[in-house]
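I have placed the structure first, in the form of structure tokens, so that the comments after it can refer back to it.
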Amino acid sequence: GKSDPLVINTDLYNISTLPADSRTTEHISSSLSSLQKVLSEVIGRTATRIDTSRESVRSGENGFANFIADCLRNFYHADIALINGGCIRGNREYPAQSVLTKGDIWQELPFGNRIVQIRVTGKQILAAIENGLSRREDLKGRFPHVSGLQVNWNPSLPPGKRVLQITVGGQLLQMDHTYQLATTEYLAKGGDGYESLTKGVRMVKEGGGLPLWEYVQQEIIRQSIIFPRVDGRMQTEGK
């Protein structure tokens, strides 16, 4: 026959009214204190002003984003590096000569986005950059920041047709040529509309595959003093 329906009786308790456990409270306090020491550890200094405001990293070339992209290209010895403005989340300003801590970098790059190296064609790169520039007026996080590329583009042209010219190492981008690209796993899997990158062929780099913030933190420690700046790698023409 049919079994009786299962009935579960529950009582709700407001845990805020329960007495605190002294051992648990002490453990939490100790852990938070240790974490704060790690976060406040100084790893370097920026000689130039850094602006990670939402508008700055999602509308045009940005000095700190350039520094991040350069970190990736140099580590992987890639032809090109590409990140999206939306991966930078600090939304703050660091005056010139500011010290930088581990906490600053974790706040700026809070996602566990790992870095991958892929082989892509010039055609795929062009499609990726067009996608990145397509929603600039909406300040979408897909805005591209690059290393190894110089992009000339016109924001007043229709989305998908804004790129005027791309050069790689001073040479015009060749549509059928293969380039090595360092980028985030998120973009390589087609995030933020970067579908053209899903066709890229994965490469393996010994010691690679770390979260984005790891590369940036290591590079700041290595250089001690960094000089993030805009250098004209994203040139706008027209309005």
Check: How would 140, 199 rank on accessible area, largest to smallest, probe 1.4 Å?
Finding: 199, 140
Check: If one computes P(r) from the Cα atoms of the range 45-155, what percent of pairs lie at distances over 24 Å?
Finding: 24 percent
Check: How do 183, 167 stack up against each other in accessible area, from largest to smallest, with a 1.4 angstrom probe?
Finding: 167, 183
Note to self: Per residue, how much accessible surface does the chain expose to a 1.4 Å probe? Answer in Å², no decimals.
What the structure shows: 56 Å²
Notebook entry, point to check: What aspartates and glutamates could a cross-link reach from residue 102, if we take a straight Cα to Cα line under 17 Å and drop same-chain neighbours fewer than 8 places away?
Noted result: 41, 93, 214, 219
Margin query: Based on alpha-carbon atoms only, what is the radius of gyration of the range 101-214 relative to the globular estimate 2.2 N^0.38 Å?
Written below: 1.10
Checklist line | Local electrostatic count, residue 217, Cβ distance below 12 Å [Lys/Arg +1, Asp/Glu -1] | finding: -3
Check: Give or take rounding to whole Å, what are the principal axis extents of the alpha carbon atoms in the chain, in descending order?
Finding: 70, 64, 40
Notebook entry, point to check: Rounded to the nearest 10 Å², what accessible area does residue 177 show when all protein chains are kept and the probe is 1.4 Å?
Noted result: 90 Å²
Next item on the list: Using packing as a proxy for protection, rank 122-135, 221-234, 45-58 so that the peptide with the highest average count of other Cβ atoms within 10 Å comes first.
Entry: 122-135, 45-58, 221-234
Next item on the list: Give the ranking of 189, 102 by solvent-accessible surface, highest area first, calculated with a 1.4 Å probe.
Entry: 189, 102
Next item on the list: Just list whichever of 140/161; 140/205; 140/199 have alpha carbons separated by over 21 Å in the model shown.
Entry: 140/205; 140/199
Check: In nm, to one decimal, how far is the modelled label at residue 39 from the one at residue 114, with both set 7 Å along Cα→Cβ?
Finding: 2.6 nm
Notebook entry, point to check: Hey, any idea what % of the range 95-232's accessible area is carbon plus sulfur with a 1.4 Å probe?
Noted result: 50 percent
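The values are calculated or read from the model by the stated rules, or taken from the named source; none is laboratory data. Nothing here was measured: the structure is a model prediction, and the numbers come from that model. Methodologically, a virtual Cβ is constructed for each residue, glycine included, from the backbone with ideal geometry; neighbour enumeration extends over all protein chains shown. Ligands, DNA and RNA are stripped out before the accessible areas are found, and what is left, the full protein with its side chains, is counted by its heavy atoms. Shrake-Rupley method; radii C 1.70, N 1.55, O 1.52, S 1.80 Å.
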